[in-house]
1. When you check Ala269 against the structure, is it assigned to a loop (DSSP other than H, G, I, E, B), touching a strand residue (DSSP E or B) at 6+ places or on another chain (Cβ under 6 Å) and assigned by TED's automatic domain parsing to the domain that holds Ala230, yes or no?
2. Within region 56-79, can you find the residues that are more than 10 Å from the ligand (Cβ to nearest atom) and closer than 22 Å to Asp28 by Cα?
3. Based on this model, can you work out whether Ala176 counts as part of a helix (DSSP H, G or I), among the hydrophobic types (A, V, I, L, M, F, W, C) and at pLDDT below 95?
4. Please identify the pairs in which a residue from region 333-344 that is in the same structural domain as Val322 (by TED's automatic domain parsing) has its Cβ atom under 6 Å from the Cβ atom of a residue that is surrounded by 17 or more Cβ atoms within 10 Å (Cβ to Cβ) and of a type in the set (Asp, Glu), counting only partners at least 6 apart or on another chain.
5. Could you tell me how many of the residues in region 322-337 are out of contact with any helix residue (DSSP H, G or I) (no Cβ under 6 Å at 6 or more places or on another chain) and either within 24 Å of Gly172 (Cα to Cα) or modelled with pLDDT of 95 or more (or both)?
6. Considering only region 38-55, state which residues are within 12 Å of the ligand (Cβ to nearest atom) and surrounded by fewer than 16 Cβ atoms within 10 Å (Cβ to Cβ).
7. Test of understanding: among Asp319, Asp302, which residue is surrounded by 20 or more Cβ atoms within 10 Å (Cβ to Cβ) and at pLDDT 95 or above?
8. So in region 204-224, with the set limited to residues that are in a loop (DSSP other than H, G, I, E, B) and either within 13 Å of Ala268 (Cα to Cα) or among the basic types (Lys, Arg) (or both), which one is modelled with the highest pLDDT?
Amino acid sequence: MTIDPDTFRSVLAQWPSGVSVVTTVAGDGWHGMTASSFSSVSVDPPLILVCLNRRITTHALIEASGVFAVSVLAKDQTVIGRRFAGQERVADRFAGGAWQTRVTGAPVLTDAVGWLDCRVVHAYAGGDHTIFVGAVLGAATERVVAPLLFHSRAWGQLADVLPDAVGVADSGLLSALRHHAVPAGAAGTLATALRAAGVRVRVRDPHGCLTSAGDRRTATALVATADEVADAALGGAGVLELPAGDTSGGAAGTRHILEEARRYDMTAACWLPDAFAPARAGEVLAAVDALAALGCDEIGLDEGAEAASPRQVRALLQDATVRASTSPRPVSLRVRLRDRHGLGLVNALTAMKSGVRHFDTTLGGIDGVLACEDVQFLADRLGVACDSPRAALVAAAADLERHLGGALPGRTYRVPIS
Ligand SMILES: Cc1cc2nc3c(=O)[nH]c(=O)nc-3n(C[C@H](O)[C@H](O)[C@H](O)COP(=O)(O)O)c2cc1C
């Protein structure tokens, strides 16, 4: 059977891939091209391959130099991908980029997702291409962000799939009820009802506590110092929350609290304030790395004072989720989103699609944070499972409404249960 070249290319175009730039050194100069044919070959010894057209300049130069480097492009490096594919006419493909040599003299892109520096150990003929197998002499993951993809002749990014399930926690009720002067007995009943519905509830903070009998995994305590950990654990909390930027003693203070949490077999969640403010993105991502390295189990990203847009939520989470899942000790991310300008649930959807599965909320949305029953409602409408049954959350919201004597900010608690 003769294969029509157009059909052949169309089929190959359906194969999604990452995008790399393959570079080499020629005399005093550098040369490079965009390549998606990069593949791993062997772990021990570390070998990779690229498959290059025999007619292109890079092919001849790699044959001559015997070395090449592969830089894996990040989601924001489409321009580099185009330029090294010859789709943009430029005098120098390397101009303005962060290129440096490492081991072999072939340049690597130091703000790529990662790079590999190689010496050619095999060159196999493959029709009009050559398969160059390289022994890896140097490698680094420079900037842990989402990669650039190529599919159907278009540049793209990883698809936003929804999670299978989400969980809701309530970290606002305790202080909000105190603010509204709701008696501790009534507040305790509400917290117990939520916990029975599988909602993790903050039952303790430096200003007071609610009855915390029951499954300790559903009871959290907010602490600021290591001295408070023992009381929280003995009081029945199985989860410790700490404001990462605000613990006395900085990193040493945080480390001490985390050690205490481990001593009492508690899960530790560190909160980062104003997490989606674009000006803080670098700081927040660095804090995610640092907290993961310190041994935090969970990192909470709190929208805080500056209203976040879906675009900002997406930009931050896309990188934060990659870092959290690839850190040497993986941590789970949680978000606490406000319901501002009608964008609260849009931001929640964006967070779900960016890989977040844990939402910190407040029953009825009474402190401006997204209502737990609203996040459950959204999950339900998206076909995403949520451990907390809607009936229980709606009943708790109705109870809260009675205590406060007026309608709650939450949007869905009055929607009839179908
Ligand atoms: C996404 C993408 C992936 C590519 N992958 C390869 C590849 O794996 N091998 C190859 O020979 N050419 C590949 N090309 C084409 C080369 O990048 C292109 O021919 C380039 O201009 C060669 O540059 P040079 O002649 O200066 O070496 C790819 C192009 C694009 C847009």
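The values are calculated or read from the model by the stated rules, or taken from the named source; none is laboratory data. A quick note: this is a predicted structure, and the numbers were derived from the prediction, not measured. Heads up, the Cβs are rebuilt from the backbone with ideal geometry, glycines too, and the neighbour counts pull from every protein chain shown.
1. On the way: assigned to a loop (DSSP other than H, G, I, E, B): no; touching a strand residue (DSSP E or B) at 6+ places or on another chain (Cβ under 6 Å): yes; assigned by TED's automatic domain parsing to the domain that holds Ala230: yes.
No.
2. Glu63, Ala64, Ser65, Gly66, Val67, Phe68, Ala69, Val70, Ser71
3. No, not satisfied.
4. Correct list of pairs: Arg334/Glu298; Arg334/Asp360; Arg336/Asp302; Arg336/Asp360; Leu337/Glu303; Arg338/Glu303.
5. Counting residues in region 322-337 that are out of contact with any helix residue (DSSP H, G or I) (no Cβ under 6 Å at 6 or more places or on another chain) and either within 24 Å of Gly172 (Cα to Cα) or modelled with pLDDT of 95 or more (or both) gives 3.
6. Looking only at region 38-55, we keep the residues that are within 12 Å of the ligand (Cβ to nearest atom), and these are 38-39, 49-55.
Answer for region 38-55, where residues must be within 12 Å of the ligand (Cβ to nearest atom) and surrounded by fewer than 16 Cβ atoms within 10 Å (Cβ to Cβ): Ser39, Asn53, Arg54, Arg55.
7. It is Asp302.
8. Of everything passing the filter in region 204-224, Val223 is modelled with the highest pLDDT.
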